[in-house]
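These notes concern the structure reproduced below.
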Amino acid sequence: DRSKTRIRYNHEWLSKLTFGDVVNLASNFTVQQFLARENFANRYARGDAIWLHEFFYALMQGYDAVALETDVQIGGTDQLFNLMAGRKLMEAFGMRPQVVLTFPILPGTDGVLRMSKSTGNYIGIDEPPGVIFTKVLNLPDPVIHTYAVL
């Protein structure tokens, strides 16, 4: 029911956080938890930079779940840590933690990189049906099964 749909922007609640609020959110996590993430673990092992602001992303996405009082949050498997951060913060705020559903990353129309508007290898849900049909028809054969499953 479209009449029940509301679009929200997280600046509504994130802009109200004080530095103390951010420190309190961060106190629910350890550096070890972040470094256990595959992406960070691999970069750490190679000696590649892991920037401090990258840790804040999970905190802010987790806080989105608190502010929105989400029941269910859906994301790609690459977002599992951030989604679970939402569960952890909800518990810290005395809330019932959200249910998390993850799905494999959808390859883009090039069949190589993950689907992304910024790389131009995406199928937009608001594109005309003919454009969507053409893009799906032109998908590389190796990704057809993945698209069918997802």
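The values are calculated or read from the model by the stated rules, or taken from the named source; none is laboratory data. The structure displayed is predicted, hence computed values, not measured ones. Using ideal geometry, Cβ is built from the backbone for each residue, glycine included, and neighbour counts are taken over all protein chains shown.
Residues being part of a strand (DSSP E or B) and in contact with a helix residue (DSSP H, G or I) (Cβ under 8 Å, 6 or more places away or on another chain): count how many of those fall in the stretch 72-93.
2
Which one of these is at pLDDT below 95 and of a type outside the set (S, T, Y): P97, P104?
One residue alone meets the criteria, P104.
Can you find a residue that is in contact with a Lys or Arg (Cβ under 9 Å, 6 or more places away or on another chain) and in the same structural domain as L25 (by TED's automatic domain parsing) anywhere in the stretch 119-127?
For the stretch 119-127, residues in contact with a Lys or Arg (Cβ under 9 Å, 6 or more places away or on another chain) and in the same structural domain as L25 (by TED's automatic domain parsing): absent.
State whether one or more residues within the stretch 7-20 are closer than 23 Å to I105 by Cα, part of a helix (DSSP H, G or I) and of a type outside the set (S, T, Y).
No, the stretch 7-20 has no match at all.
For the stretch 27-36, does any single residue satisfy the condition of being surrounded by 17 or more Cβ atoms within 10 Å (Cβ to Cβ) and either at negative phi or in a helix (DSSP H, G or I) (or both)?
Scanning the stretch 27-36 turns up at least one residue that is surrounded by 17 or more Cβ atoms within 10 Å (Cβ to Cβ) and either at negative phi or in a helix (DSSP H, G or I) (or both).
From the residues in the stretch 69-91 that are under 9 Å from the mean Cα position of the chain (by Cα) and β-branched (V, I, T), which one is surrounded by the most Cβ atoms within 10 Å (Cβ to Cβ)?
Result: I74.
Those residues that are hydrophobic (A, V, I, L, M, F, W, C) and part of a helix (DSSP H, G or I), I need them from the stretch 125-140; list them, please.
V131, I132, F133, V136, L137 - these are the residues of the stretch 125-140 that are hydrophobic (A, V, I, L, M, F, W, C) and part of a helix (DSSP H, G or I).
Assigned to a loop (DSSP other than H, G, I, E, B) and more than 29 Å from E12 (Cα to Cα) - does that describe any residue in the stretch 54-71?
no
Pick out the one residue from Y147, Y122 that is in a helix (DSSP H, G or I) and under 20 Å from the mean Cα position of the chain (by Cα).
Being in a helix (DSSP H, G or I) and under 20 Å from the mean Cα position of the chain (by Cα) holds for just one of Y147, Y122, which is Y147.
How about the stretch 94-119: which of its residues are assigned to a strand (DSSP E or B) and loosely packed, with under 11 Cβ neighbours inside 10 Å?
L101
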